[in-house]
Amino acid sequence: MNARNTDTKEEIVRIGKELIKLYGYNAFSYADISKQLNIKNAAVHYHFRGKEDLLAGILEDYMNDYISLGKQLQASGLPAIRKLEKFIEKYSCLVDNKSICIIGSVASDYNTLPESVKEKTTQLIELVLSMVEKTLQEGKKSGELIFPESPRTQALLIMTNLAAGVQLARISGKKDYDTIKRALIRQLK
């Protein structure tokens, strides 16, 4: 694939991400992407045969981003609480952009997703939860973090609060999200 095709493919994924986070999987079409890129629908189909393939590519892209973030955080030598704050920053950026997380967006369409994409969605969720869980385990072991639940349960509590907080911020504004974010960190100290 030449550089122009690679750039087009990356742009399709970028716009697909934006549309999913703004409207959900079922609420956009290839025509929306081709219009933004000023290309024909056939060009979008050249890179992604169908919407299922595009969503799989988007989820794959997110998994790669989270794997990269996990490696950066592990190599950083930061204390566990700072790692969690860095992770939470990803969600804060969503609020700043008036967007929602891909997991929250895809979850609302989950029952209508093709099976292959459901599997990728589950893989992404497990990847994110395991990153948070690992950081919580590390912090609890060092005595830096204190929480009564198992690391897995605490990771679930953090992730559901972040996802819901991002969605709530679309309605009630950033102030409520910031309150949730601060409370999540405060409860771990």
Of all the residues that make up the stretch 92-101, how many are among the hydroxyl-bearing types (Ser, Thr, Tyr) and either at pLDDT below 90 or buried (at least 21 other Cβ atoms within 10 Å of the Cβ) (or both)?
-> 1
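For (1) over 23 Å from TYR66 (Cβ atoms); (2) touching an Asp or Glu at 6+ places or on another chain (Cβ under 6 Å); (3) among the small types (Gly, Ala, Ser); (4) outside any helix (DSSP H, G or I), each residue gets a yes or a no:
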| residue | (1), (2), (3), (4) |
| --- | --- |
| ASN161 | no, no, no, no |
| ALA164 | no, no, yes, no |
| GLN167 | no, no, no, no |
| ASP176 | yes, no, no, no |
| ILE185 | no, no, no, no |
| LEU188 | no, no, no, yes |
So which pairs qualify, if the first residue must be in the stretch 171-188 and farther than 11 Å from ASN161 by Cβ, the second must be modelled with pLDDT under 95 and aliphatic (A, V, I, L, M), the Cβ gap must be under 6 Å, and the two must be at least 6 apart or on different chains?
-> LYS174/VAL95; ASP176/LEU168
Just one of (1) in contact (Cβ under 8 Å) with a residue 60 or more places away in the chain; (2) under 12 Å from the mean Cα position of the chain (by Cα); (3) buried (at least 20 other Cβ atoms within 10 Å of the Cβ) trips up LEU127, so point out which.
-> (3)
Tally, over the stretch 9-56, of residues that are basic (Lys, Arg), under 26 Å from GLN167 (Cβ atoms) and either buried (at least 16 other Cβ atoms within 10 Å of the Cβ) or in contact (Cβ under 8 Å) with a residue 40 or more places away in the chain (or both) = 3
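So if I check each of SER99, SER105, which one is out of contact with any His (no Cβ under 8 Å at 6 or more places or on another chain), part of a helix (DSSP H, G or I) and among the hydroxyl-bearing types (Ser, Thr, Tyr)? Before you say what the answer is, go through the steps one by one.
Details: SER99 fails: part of a helix (DSSP H, G or I).
Selected residue: SER105, the only one of SER99, SER105 that is out of contact with any His (no Cβ under 8 Å at 6 or more places or on another chain), part of a helix (DSSP H, G or I) and among the hydroxyl-bearing types (Ser, Thr, Tyr).
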Contacts under 9 angstrom Cβ, first residue in the stretch 146-160 being under 18 Å from LYS181 (Cβ atoms), partner assigned to a helix (DSSP H, G or I) and of a type in the set (Gly, Ala, Ser), 6 or more apart | PHE147/GLY139; ALA155/SER130
Has the stretch 108-117 got at least one residue that is within 26 Å of ALA169 (Cβ to Cβ), acidic (Asp, Glu), more than 11 Å from the chain's Cα centre (by Cα) and not in a helix (DSSP H, G or I)?
-> yes
Among the residues of the stretch 160-189 satisfying the criterion of being closer than 19 Å to SER105 by Cα and among the small types (Gly, Ala, Ser), which is modelled with the lowest pLDDT?
-> GLY173
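The values are calculated or read from the model by the stated rules, or taken from the named source; none is laboratory data. Note that the structure is predicted; figures quoted are calculated from it, not measured. Cβ coordinates were reconstructed from backbone atoms using ideal geometry, including for glycine residues, and neighbour counts include every protein chain displayed.
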